[in-house]
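The values are calculated or read from the model by the stated rules, or taken from the named source; none is laboratory data. Just so you know, these numbers come straight off a predicted model, no measurement behind them. As a convention, Cβ positions derive from the backbone with ideal geometry for all residues, glycine included, and neighbour counts pool all protein chains shown. What goes into the accessible areas is simple: the full protein's heavy atoms, side chains included, and nothing from ligands, DNA or RNA. Shrake-Rupley method; radii C 1.70, N 1.55, O 1.52, S 1.80 Å.
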Amino acid sequence: MRILHRFTSLTLMFCGTLFAARAALAADEVLPPINQRFASENAGEAPSFQRHVIPLVGRLGCNGRACHGSFQGQGGFRLSLFGYDFNADYEALTASESPRVDVKEPDDSLIVFKPTSADEHEGGLRYEKGSWQHHVIRRWIEDGAKFDKDDVHALTRLEIVPPEVLLSKSGQKVQLQAIAVWADGTQEDVTQLCRFSTNNEQVAAIDELGSMTANESGDTHVIVSYDKAVVAVPVIRPSSDLVGPKYPKVPTPTTVDELVVEKLKKLGVVPSQLSSDEEFLRRVSLDMTGTLPTAQEVQAFLADNDPKKRSKKIDELLETPAYAAWWTTKLCDFTGNNEQQLNNVSPVRGSASKEWYEWIYKRVSENVPYDELCEGIVAASSRQPGQSYTEFCKEMTDVYRQGSGASYAELPSMTYYWQRRDFTEIEARAVAFAYSFMGIRIQCAQCHKHPFDQWSKDDFHQFKNFFATVAAGRNGATPDARKEYNDIVAKLGISSLRGNELRQAIPSLIKQGKTVPFPEVYVSNRIQRSRNPDEEYPMFDNAKLLGGEVVDVQTAAGDPRQIVMDWLRGKDNRFFAPAFVNRVWASYFNVGIVEPPDDLSLANPPSNKALLDYLAQGFIESGFDMKWVHRTIANSRTYQLSWQPNDTNRLDEKNFSRAVPRRMPAEIAYDAIQQATASDQIAATMRHDVTNRAIAIPAASNRNQANAGPAYALSVFGRSIRETNCDCDRSMEPSLLQTVFLQNDRDMLSMIDRSRAGWLDQVARESKTQNTDTAELVRQAYLRSLSRLPNDEELSRSLLYIEECDDRIEGLRGVLWALLNTKEFIVNH
């Protein structure tokens, strides 16, 4: 979540919404911009390396990827990418063997000579002699090329004036002003030294000097970067004149609705009308339980006159096994339950992914608080306090012994998260952890600080050390339990077995009632080092929370991961609660309040910050009650709006003024086909019996499983492959293969034509004993597939088609096939 830091006088803060009073700053309180102060070569001040020189070098493009900021550098000279390592850059510029800076002959310094000569510089002319840029760099060298390293991180905040931009017409110009506020109280106009970018040039373009130009209607953010600060400035251009007093009265029965409409008022966007009962029931059933409503359920809901029937239906759905199954699958996506990454961590192939799923399912179905569920993963260890290695092995052996009554889901910890094959490197653990539990992308910070995000290389390499003491052995025990391990192995007579021979022997020994050894996850007393360390980067012996305190993980009592978990669940944490509520919101609305949902960064601010703050705070105050989030979202009028647009919101897909039709997720799509073609008896059980449901398949894999049950269909429809913990591992894009599958895939056709369990077979059998009206059968086909009754034209065309067929069942088959191939079926709307 892009909640911006509160102001303090000691810590670097970033803020996106500033007090309007900053616009009234008196001129004598702020140092004029550097281009004015250094317009003449006789400027009376000496530039600061951190405040002026390096930001200017960045503005000139010298430390970009294509120039000296590349990993190889250029011309034997390398700067930190985007210029955020002030110490390294200073050393590179002033090294004794380097001719980049010559304090005795400033004009001979290469950083003066080459950039001012297009012929001598491969990067071309970067600034003119006699320009203010030339004066700044030359004056710094002339003054002795100084750098006060104690000045690093002295920036308190970056203020942008105006803090929010309201545009009224195309071509309108707005000049942004950036004011740096330093720890010593100095305030300086640094507009000329900032980087500016826009998140949507169709709404607003911005040039390198902060001059904004209005384009089409809509809203976006302009991102301003300077030093270590990143500020997002909201930009709005209304899409109609329905703003202020002209805005119509819109119902806002919940706080969610109030916050959504508050933003829509600024945009001149009016929300759509409320959805019909059929639309609501189908939408909420699919979103919440991954299951279509049955034909009988639709008819009962339409006949119900209770004004509270929608909220009652929401409560009913939240208590079903299908809700627990689908949202367990979502959590398995976020945490990376990938079968390929779990080879050899359990004695039965494929069982680890199943146990991972069942462990989470138990907690979702019991509505265990989200922070407690995550704690069981984040701080997971194999053995409980006071438990010996032998006792642990017996406990785990019982899980696999038939008739023991033991279940992995009953264990307090789920260790498989840390036993994945791709978690051997601590860098991979840190990156995946940030995706899973914080909804942020920090992989770039392994090598450099991104110009539009706050995490530096130091931040990443210190944060990863929280996971550097986790030992996730695939074989054997902790060092202190090695004797117990050896005793167990010796007693079983398997000391000489290795690899596949050992894996084949273990299940047989379990069946014989033997206790077998298991690999452990535990906290070691030493820090694991990277196998491929950055030679230019120091090894840290401590760890640092992102934006938080430093911890010596080698002397800290207990598990360092518990420190991270306690920090995550803290009421002021900017990531944990927002990441979850944003992902849930995205599942209900097609896009997150922050989009993509796993990219909560300063340069990717929420489309509605107040809304995200409200949901996150409410989630925390509810005790991390996951059902509170679902219930709050689904009961809002915003969620229940129609997908049909009006003149003002036709193009809106991110401010929640209407429902956005979106293709069903892969698992839901496959189950919907199963249910629409199933007999009434089977269809009625699918929400309460998730056995063999696609939404309850435990693991994902990126292996080609074209002939393994529904695997091909799930692959075609983009099921998450769970390779990186990134939300992008799931695809929601339509494709030609999906169309081909629905039209003539063998699996698809067999579901329509199945005997006994199929609806068409049910109709055929019932036709022998009762004369069901053909029109009623067409209505049932519509209800079981589209969750609505056909209109008169649809009914007439269907009946005509059936009459022209030689057989009524064959005609009904054609109608059902056609319905399953409509956009209305495969799209949740």
Subject >> Nonlocal amide H pairs with Leu31, under 5 Å, H built at 1.01 Å >> reply: Gln187, Glu188, Asp189
**OP:** With viscosity set to 0.692 mPa s and temperature to 37 °C, compute the Stokes-Einstein D of the range 255-394, Rh being the Kirkwood radius across alpha carbon pairs; µm²/s, no decimals.
**Re:** 174 µm²/s
Original post:
What number, in percent, do you get for the relative contact order of the chain if the mean sequence gap of Cα pairs under 8 Å and at least 6 apart is divided by its residue count?
Top reply: 13 percent
**OP:** Could you tell me which of rounded, prolate or oblate describes the range 170-238, using a ≥ b ≥ c as the square roots of the eigenvalues of the alpha-carbon gyration tensor, with rounded for a/c under 1.5 and, failing that, prolate when a/b is larger than b/c and oblate otherwise?
**Re:** prolate
Subject >> Modelled FRET efficiency - R0 56 Å, Leu60 with Leu737, Cβ distances, 0.05 increments >> reply: 0.70
Original post:
Residue by residue through the range 170-179, which ³J(HN,Hα) values in whole Hz follow from phi under the Karplus form 6.51 cos²θ - 1.76 cosθ + 1.60 (θ = phi - 60°), with glycine and proline marked x?
Top reply: 5, x, 5, 10, 9, 9, 8, 10, 10, 10
Original post:
How far is helix 351-365 tilted off the main Cα axis of the chain, in degrees rounded to 10, range 0 to 90?
Top reply: 90 degrees
Subject >> Model label zone, Lys169; criterion: amide N under 16 Å from point 7 Å along Cα-to-beta-carbon; scope the range 204-231 >> reply: 213-217
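Rolling a 1.4 Å sphere over the protein heavy atoms, what is the accessible area per residue of the chain, to the nearest Å²? The partial results should precede the final answer.
Numbers: 35540 Å² over 829 residues.
Here the residues of the chain average 43 Å² of exposed surface.
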Subject >> Unit Cα scatterers, Debye sum, the range 151-191: log10 I(q)/I(0) for q = 0.23, 0.24, 0.25, 0.32 Å⁻¹ >> reply: -0.76, -0.79, -0.83, -1.09
Original post:
Which log10 I(q)/I(0) values, to two decimals, does the range 712-811 give at q = 0.16, 0.23, 0.24, 0.25 Å⁻¹ under the Debye formula with one point per Cα?
Top reply: -0.87, -1.25, -1.29, -1.32
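Taking 0.36 nm per residue of separation and subtracting the Cα-Cα distance, what length does fully extending Gln681 through Ser767 add? Kindly include the intermediate steps, with their values, before the conclusion.
Details: separation 86, 0.36 × 86 = 30.96 nm, distance 1.67 nm.
Gain on stretching Gln681 to Ser767: 29.3 nm.
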Original post:
Within the accessible area of the range 705-829, what % is carbon and sulfur when the probe is 1.4 Å and the other protein chains stay in place?
Top reply: 50 percent
Original post:
If the limit is 19 Å between Cα atoms, which of Lys464/Lys609; Lys362/Lys627; Lys246/Lys609 go over it?
Top reply: Lys464/Lys609; Lys246/Lys609
Subject >> Computed lengthening from Asp422 to Leu651, 0.36 nm per intervening residue step minus Cα-Cα distance >> reply: 78.3 nm
Original post:
Expressed in nm to one decimal, what extension gain is obtained for the pair Glu621 and Ser407 from 0.36 nm per residue of sequence separation less their Cα-Cα distance?
Top reply: 73.8 nm
**OP:** Report the label-to-label distance for Arg797 and Ala300 in nanometres (one decimal), using points 7 Å from each Cα along the Cα→Cβ vector.
**Re:** 3.2 nm
**OP:** Quote the FRET efficiency, to the nearest 0.05, computed for Ala46 versus Asn821 with a Förster distance R0 of 60 Å and r equal to the Cβ-Cβ distance.
**Re:** 0.25
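Once you sort the root eigenvalues of the Cα gyration tensor of the chain as a ≥ b ≥ c, which label holds: rounded (a/c under 1.5), prolate (a/b larger than b/c) or oblate (the other case)? Provide the component values of the computation, followed by the final result.
Values: a/c = 2.35, a/b = 1.36, b/c = 1.73.
The shape class here is oblate.
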**OP:** Kindly provide the trypsin sites (Lys or Arg not before Pro) of the range 258-337 that DSSP labels as loop, not H, G, I, E or B, and whose Cβ sees at most 11 other Cβ atoms within 10 Å.
**Re:** Lys308
Original post:
Where in the range 267-296 does the label zone of Val250 land, with the point 7 angstrom along Cα→C-beta and an amide N cut-off under 13 Å?
Top reply: 267-274
**OP:** Mind jotting down the three principal axis lengths of the range 396-478 based on Cα atoms? Whole angstrom, largest first.
**Re:** 58, 25, 17
Subject >> Residues Asn542 and Lys483, FRET efficiency given R0 of 35 Å [Cβ-Cβ distance, rounded to 0.05] >> reply: 0.60
Original post:
With labels modelled as points extended 7 Å from the Cα through the Cβ direction, what inter-label distance (nm, one decimal) is found for Ala95 paired with Arg756?
Top reply: 7.7 nm
